[in-house]
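Remarks on the structure that follows.
The values are calculated or read from the model by the stated rules, or taken from the named source; none is laboratory data. Fair warning: this is a prediction, and the values are worked out from it, not measured in the lab. Here the Cβ is made from the backbone with ideal geometry for all residues, glycine too, and neighbour counts use every protein chain on show.
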Amino acid sequence: MTGTAPDRIVTLDIIRGIAVMGIFSVNVIAFAMIDGAYFNPAAYGGHTGIDLFVWAANMVVIDGKLRTLFSMLFGASMLLIAERAEAAGYSQWSMHLRRMTVLFLIGLAHFYFLWWGDILNHYAVIGLIAFLFRDKSPRALIVWAFLFLAIDLLLFGGIVATMYQFDIAGHAANASGEAIAQWNEIAAEFYPSAAKLAEQQLIYGGSYQTRLTEMLTNRAAEPFTFIFLFGPETMSLMLFGMWGYKSGFLTGAWDDASYRRIALIAIPIGALAFGAIVVVDIASGFYLPYVFAGLSVASAPFRPLMAFGYAALIILACRNPGWLAQRFAAVGRMAFTNYLGTSLIAAFVFYGWGLGLYGQVSRAEAWLLVPIVWGIMLLWSKPWLERFRYGPLEWLWRSLARWQFQPMRK
């Protein structure tokens, strides 16, 4: 399915738009309260009643799946943009290197000056590596994608095993002071003390200068350590996306029966797996090694499975895109602007330099911002693109990568 403009593939835009909207429904928790609450609902923000329901629903339906889909779309888009660059007379590598350099710098600015959860600088580095695979066949891409997924499972499997060993050693009858300290250091990140909560409140609920100092000192290295920790998974997802583009899956080239079969198989299986993780977490009282194992290891094979199922379902639903699909497509065309725009809105609502609601709301209350932001994305993206060629940040990215201002107005 192609769009009205010859250089647009509307299927990719619609999927990307839905993905960037879904990502915010999970990220909002990371803005509203302590970092540990993002990974462990028992850490903060409530894990009973409506708060438990919001966490469980996000875990089963959204958490990880839409981010996975977004990462796949990034891999697919790299190939599409490389083809366009070559057709326009640019060197594929030169254009890609400039694009990733600009993205890396914008991502770092996002991390240090706005929000710790930035993914853009990570995409930029892994995107440079993934680009080496651009000439691989679809079969080779899928093999490499599964290989990097296996590396990710081994990496986090080892981390979970180490965490469990620290727990056993720290709670043994004859535990040494060192063993106890090691476990307490790990647990403090997911079950913070009153002192830790007060410290977080001061940093993120206080002045902008206080938060900026924290990011430029104690957390300055995180964007780079993040690359090594989550690089194999992201690499896997980008390669899955390249396969999806080259095979025609993500562009809507397959027949309806194939998409229907994938959606009917992948989504229920994935939902059952994530439902099982939710049950285990609740039954264990959110026992830390189980929570971390569920998020990082047990769920890893099912995130791309559900993402492919969602993509198939979206493609089927948008064979003849109506007004809502066109709105989603506009959000997707401006995904860069909308992604950073959600950070600006959420930071203003929760951080101390804005409305200062950080640490003041429950999980369910924080989620009330999500439909409001979704509405903003759907309302403003299409009218903007009816007047301008690109979203504001898409224009900036394109202009910096090409070393000249690009035409903006239609």
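Listing for the model above:
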item	result
Condition check for PHE156: closer than 22 Å to ALA43 by Cβ, assigned to a helix (DSSP H, G or I), of a type in the set (Phe, Trp, Tyr) and free of Cβ contacts under 8 Å to residues at least 40 places away in the same chain	no
Matching residues in segment 282-310 - criterion: being more than 16 Å from the chain's Cα centre (by Cα), part of a helix (DSSP H, G or I) and either on the phi > 0 side of the Ramachandran plot or in contact (Cβ under 8 Å) with a residue 40 or more places away in the chain (or both)	ILE282, LEU288, PRO289, VAL291, PHE292, ALA293, VAL297, GLY309
Residue ID - surrounded by the most Cβ atoms within 10 Å (Cβ to Cβ), chosen from residues in segment 386-410 that are among the basic types (Lys, Arg) and either in contact with a Pro (Cβ under 7 Å, 6 or more places away or on another chain) or assigned to a helix (DSSP H, G or I) (or both)	ARG398
Tally, over segment 376-385, of residues that are farther than 18 Å from LEU340 by Cβ and surrounded by fewer than 16 Cβ atoms within 10 Å (Cβ to Cβ)	1
Among (1) more than 20 Å from the chain's Cα centre (by Cα); (2) touching a residue at least 24 places away in the same chain (Cβ under 8 Å); (3) farther than 20 Å from THR337 by Cα; (4) part of a helix (DSSP H, G or I), the one test that ARG98 misses	(3)
Count of segment 193-214 residues which are in a helix (DSSP H, G or I) and surrounded by fewer than 18 Cβ atoms within 10 Å (Cβ to Cβ)	13
Of all residues making up segment 169-192, the number that are loosely packed, with under 13 Cβ neighbours inside 10 Å and closer than 15 Å to LEU288 by Cα	2
Segment 264-302, residues that are aliphatic (A, V, I, L, M) and either within 21 Å of PHE146 (Cβ to Cβ) or modelled with pLDDT under 95 (or both)	ILE265, ALA266, ILE267, ILE269, ALA273, LEU288, VAL291, ALA293, LEU295, VAL297, ALA298, ALA300
Flag if ALA76 is within 30 Å of GLY285 (Cα to Cα), of a type in the set (A, V, I, L, M, F, W, C) and assigned to a helix (DSSP H, G or I)	no
Number of the condition not met by LYS136 [criteria: (1) farther than 30 Å from GLU214 by Cα; (2) assigned to a helix (DSSP H, G or I); (3) modelled with pLDDT of 95 or more]	(2)
Test result for ALA346, assigned to a helix (DSSP H, G or I), surrounded by 21 or more Cβ atoms within 10 Å (Cβ to Cβ) and more than 16 Å from the chain's Cα centre (by Cα)	no
Residues within segment 40-62 that are part of a loop (DSSP other than H, G, I, E, B), in contact (Cβ under 8 Å) with a residue 60 or more places away in the chain and not aliphatic (A, V, I, L, M), tallied	6
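Quick grid of which residues meet (1) over 30 Å from TYR245 (Cα atoms); (2) modelled with pLDDT under 90; (3) not charged (D, E, K, R):
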residue: ALA140; (1), (2), (3): no, no, yes
residue: VAL143; (1), (2), (3): no, no, yes
residue: LEU147; (1), (2), (3): no, no, yes
residue: ALA150; (1), (2), (3): no, no, yes
residue: ILE159; (1), (2), (3): yes, no, yes
residue: ALA175; (1), (2), (3): yes, yes, yes
residue: GLU185; (1), (2), (3): yes, yes, no
residue: LYS196; (1), (2), (3): yes, yes, no
